[in-house]
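Undergrad: Questions regarding the structure given below will be posed in turn.
Just so it is clear, none of the values below were taken in a lab; they were calculated from the coordinates. Values in this document were obtained by computation on a predicted structure and should not be read as measured data. Here Cβ is always computed from backbone atoms with ideal geometry, including for glycine, and neighbour counts include all displayed protein chains.
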């Protein structure tokens, strides 16, 4: 079933489909089997039907997401449904929705379930979960990407129109790339994180996975908004300098700063993506990527790791046996950092921010591979820290440098696995990035996610 938002709206407006019909079809399609370990808690038919029936008598034209099904990463609260953060012993049942979830429901969207993730949103692989390793939508031997693993796979398989993830180090972009989706990491604070289990509270974003850039933009419009009860919420700044529709400049790292981790195909796929952007009117400019790479290393090699520890310290110390082994190893390393280390790293970050700011004087956006390669589940299990680190090469700097970013598919490897790039810009360029991502998708896309359904321009 084609779950593109525009297609669903057409069916609803024509009377060919009702929200009740949709949830019945989805319930039957999803079934009780979850061989890819997508779900932590699926909503039952009766639970989904409550939301569908609530739309009865409401105007489709007044609700931009009328009857649109969506999945929720299980570190984001849905009232009445346990939030686990992929740790059963940590679970609690919220009485209210996360702000962003409530906004989407108010816009007419229908939640269908809570999705699997790397425990406590710590990882880019999708394997660090007691609920099982989430499997890639194209090839079950490969990782889904994480930490928003099930959120990406549910959309790629056509079980949801869109999904919510979170993104601190790349969790909303890596899974998008591995599953042929658009993944948007909004500007920090644009979407409220109230009702989200924190990973790094100062850096966390709620992210969006969608089949198309157009769908992602529509969801963003409904989900955003200043939240006075979220201390990290920000009012969107005006997008003063626009990215030209026909003539724009994009930065590309120097050849020696690109890393593909022995993948023989991705260098050519990245070169092809550059050519695609040039065909849209872009001009490639070589940039010094080192300030971005140095910033990326701060995220897991500096005291921001201690922020992850602080988020779950009481639970970590009370029930260390409940923590997934690799997650315990990563977060447990935070105790070696002192308060003095924190300040030293803050000073270093400020210096790197100043260097990175200079790059934006010459380019409108920066383009990188979303990841240099992809791994099998077995490869990640054999060497979890190194593989995860490699996947974060192009992603870990984004929130530390206060950037907005969109991952967009641009091609496929010979084995059928997807490849994509990430376009990024300073904060509050979200709409412009999604518009450009849409043009890239119009140029390159043939199918929606892993559904096999055609992408209609």
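Undergrad: Could you run the Debye sum over the Cα atoms of region 248-432, one equal point scatterer each and no solvent, and tell me log10 of I(q)/I(0) at q = 0.16 Å⁻¹, two decimals?
TA: For region 248-432 at q = 0.16 Å⁻¹, log10 I(q)/I(0) is -1.08.
Undergrad: Further, regarding this structure: Quick check on the chain: take the gyration tensor over C-alpha atoms, sort the square-rooted eigenvalues as a ≥ b ≥ c, and tell me if it's rounded (a/c under 1.5), prolate or oblate.
TA: rounded
Undergrad: Another one. Given only helices, namely DSSP H runs of n ≥ 4 each adding -39500 (n - 2.57), what is the per-residue ellipticity at 222 nm of the chain, to the nearest 500 deg cm²/dmol?
TA: -10500 deg cm²/dmol, from helical runs alone.
Undergrad: If we sort 224-231, 57-64 on the protection proxy, mean other Cβ atoms within 10 Å, highest first, what's the order?
TA: Highest-to-lowest ranking by the protection proxy: 224-231, 57-64.
Undergrad: Which three lengths, in whole Å and largest first, does region 5-223 cover when its Cα atoms are put on their principal axes?
TA: 43, 35, 32
Undergrad: Then there is this: How big is the gap, in Å, between the Cα center of region 160-200 and the Cα center of region 1-80?
TA: With region 160-200 and region 1-80 each reduced to a Cα centre, they are spaced 20 Å.
Undergrad: Could you grab the relative contact order for region 248-432? Cα pairs under 8 Å, six or more apart, rounded to a whole percent.
TA: Dividing the mean separation by the residue count of region 248-432 yields 30 percent.
Undergrad: While we're on this one: Using only the Cα atoms of region 249-301, what do you get for the radius of gyration and for Dmax, in Å?
TA: Computed over the Cα atoms of region 249-301, radius of gyration and Dmax are 12.9, 39 Å.
Undergrad: What is the packing order of peptides 256-265, 3-12, taking the mean over residues of other C-beta atoms within 10 Å and listing the highest first?
TA: With the highest mean Cβ count within 10 Å placed first, the list reads 3-12, 256-265.
Undergrad: Between region 305-374 and region 406-421, what is the C-alpha centre distance in whole Å?
TA: Rounded to whole Å, the Cα centres lie 27 Å apart.
Undergrad: Taking every DSSP beta bridge that has both residues in region 248-432, what percent is antiparallel when rounded to the nearest 5?
TA: Within region 248-432, antiparallel bridges account for around 60 percent of the total.
Undergrad: A further question follows. Among 343-354, 65-76, how do they line up from the highest to the lowest mean number of other beta-carbon atoms within 10 Å?
TA: The most tightly packed comes first, giving 65-76, 343-354.
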